[in-house]
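Novice: Structure incoming, see below.
The values are calculated or read from the model by the stated rules, or taken from the named source; none is laboratory data. Every value quoted in this text rests on a predicted model; they were computed, and no experiment measured them. Neighbour counts are summed over all protein chains in view; Cβ atoms, including those assigned to glycine, are modelled from backbone coordinates with ideal geometry.
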């Protein structure tokens, strides 16, 4: 079912820094996740350099405030840029300390590319109408 929707899921145990991920998440990421990877190594290796700082800041804020979050960002998969949308829930223990993050990632590359193309066409149409004084 995850493959059809292009959605993968993951769990990160904050206490022992272990990371679980679904097969579809591996496909989305381009099989670049290794069994012993921790979250920081995955971010460093896969997240687009222009999005890496923002992704780390959002995760840090979620851990500090024990709040769930949604974020859109890009990764590098082989030689292509892939657009992802991620929803994450922070789970806490009885003392209110974060113990686990659970995430769902959706590959939204196709819709992002269509959106960029529509924006480009809209800009070109605007230039044409301005130059034609319409």
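Novice: Could you list, in sequence order, all residues of region 62-82 that are without any contact (Cβ under 8 Å) to a residue 12 or more places away in the chain and over 29 Å from residue 113 (Cα atoms)?
Specialist: Applying the first criterion (without any contact (Cβ under 8 Å) to a residue 12 or more places away in the chain) to region 62-82 yields 64-65, 79-80.
Passing the criteria: 64, 65.
Novice: Within region 61-79, work out how many residues are in a strand (DSSP E or B), over 9 Å from the mean Cα position of the chain (by Cα) and modelled with pLDDT of 90 or more.
Specialist: Initially, region 61-79 is screened for residues in a strand (DSSP E or B), giving 69-77.
Checking the rest, the ones that are also over 9 Å from the mean Cα position of the chain (by Cα) come to 69, 76-77.
Cutting the leftovers down to modelled with pLDDT of 90 or more gives us 69.
The total comes to 1.
Novice: Specify which of the listed residues (85, 122, 126, 111) is assigned to a strand (DSSP E or B), more than 16 Å from residue 12 (Cα to Cα) and either out of contact with any strand residue (DSSP E or B) (no Cβ under 7 Å at 6 or more places or on another chain) or without any contact (Cβ under 8 Å) to a residue 40 or more places away in the chain (or both).
Specialist: Numbers: 122 fails: assigned to a strand (DSSP E or B); 126 fails: assigned to a strand (DSSP E or B); 111 fails: assigned to a strand (DSSP E or B).
Exactly one residue qualifies, and that residue is 85.
Novice: Now for a separate question. Considering only region 26-50, state which residues are closer than 27 Å to residue 97 by Cα and modelled with pLDDT of 90 or more.
Specialist: Scanning region 26-50 gives a single hit, 47.
Novice: Among the residues of region 6-16, count how many are more than 15 Å from the chain's Cα centre (by Cα) and modelled with pLDDT under 85.
Specialist: Within region 6-16, the first condition is being more than 15 Å from the chain's Cα centre (by Cα), and the residues that meet it are 13-16.
Then keep just the ones that are modelled with pLDDT under 85; that gives none.
Matching residues across region 6-16 total 0.
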